[in-house]
Amino acid sequence: MKFTVNGLCTGHARCFELADDVYELDDNGYNVDINRTVDVAPGQEASAVLGAHSCPERAIEIEE
Ligand code: SF4
């Protein structure tokens, strides 16, 4: 599984609040992986999906 954070991220920080094992924020509360595709570590798939679904901007795309 991979996730991609697109340019819609506006720094709500919901992804980090619900899945801090997968998502990281910068000092301004934006996801550090904007415009990057990242491999999800084994065992963290459910957390990655939860965080993606929590994003009000739909900025996180999950790829199986
Ligand atoms: S990816 Fe979504 S939930 Fe995470 S910081 Fe950006 S806007 Fe907020």
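In the stretch 2-12, is there at least one residue being surrounded by fewer than 18 Cβ atoms within 10 Å (Cβ to Cβ), touching a residue at least 60 places away in the same chain (Cβ under 8 Å) and in contact with a Ser or Thr (Cβ under 7 Å, 6 or more places away or on another chain)? Don't jump to the end; show me each part of the working.
To start, the set of residues in the stretch 2-12 that are surrounded by fewer than 18 Cβ atoms within 10 Å (Cβ to Cβ) comprises 2, 4, 6-8, 10-12.
With the extra rule that they be touching a residue at least 60 places away in the same chain (Cβ under 8 Å), the set shrinks to 2.
Subset that is in contact with a Ser or Thr (Cβ under 7 Å, 6 or more places away or on another chain): 2.
Looking for residues that are surrounded by fewer than 18 Cβ atoms within 10 Å (Cβ to Cβ), touching a residue at least 60 places away in the same chain (Cβ under 8 Å) and in contact with a Ser or Thr (Cβ under 7 Å, 6 or more places away or on another chain), one finds at least one in the stretch 2-12, hence yes.
Run down ALA19, ALA41, ALA46 and say which single residue is within 10 Å of the chain's Cα centre (by Cα) and among the small types (Gly, Ala, Ser). Reasoning before the result, please.
Values: ALA41 fails: within 10 Å of the chain's Cα centre (by Cα); ALA46 fails: within 10 Å of the chain's Cα centre (by Cα).
ALA19 is the lone residue from the list that is within 10 Å of the chain's Cα centre (by Cα) and among the small types (Gly, Ala, Ser).
From the list PRO42, PRO56, exactly one residue is more than 10 Å from the ligand (Cβ to nearest atom) and at pLDDT 95 or above. Which is it? If you could, list the steps in order and put the result at the bottom.
Numbers: PRO56 fails: more than 10 Å from the ligand (Cβ to nearest atom).
PRO42 is the lone residue from the list that is more than 10 Å from the ligand (Cβ to nearest atom) and at pLDDT 95 or above.
Pairs only if they're at least six apart or on different chains, beta carbon under 6 angstrom, first in the stretch 16-34 and outside any helix (DSSP H, G or I), second acidic (Asp, Glu) and surrounded by fewer than 18 Cβ atoms within 10 Å (Cβ to Cβ); list them, first residue then second.
Listed pairs, sorted by first residue: VAL32/GLU24; VAL32/ASP26.
The values are calculated or read from the model by the stated rules, or taken from the named source; none is laboratory data. The shown structure was predicted, so the numbers you read here are calculated from the model rather than taken from an experiment. So basically every Cβ, Gly included, is an ideal-geometry build from the backbone, and we count neighbours across all protein chains shown.
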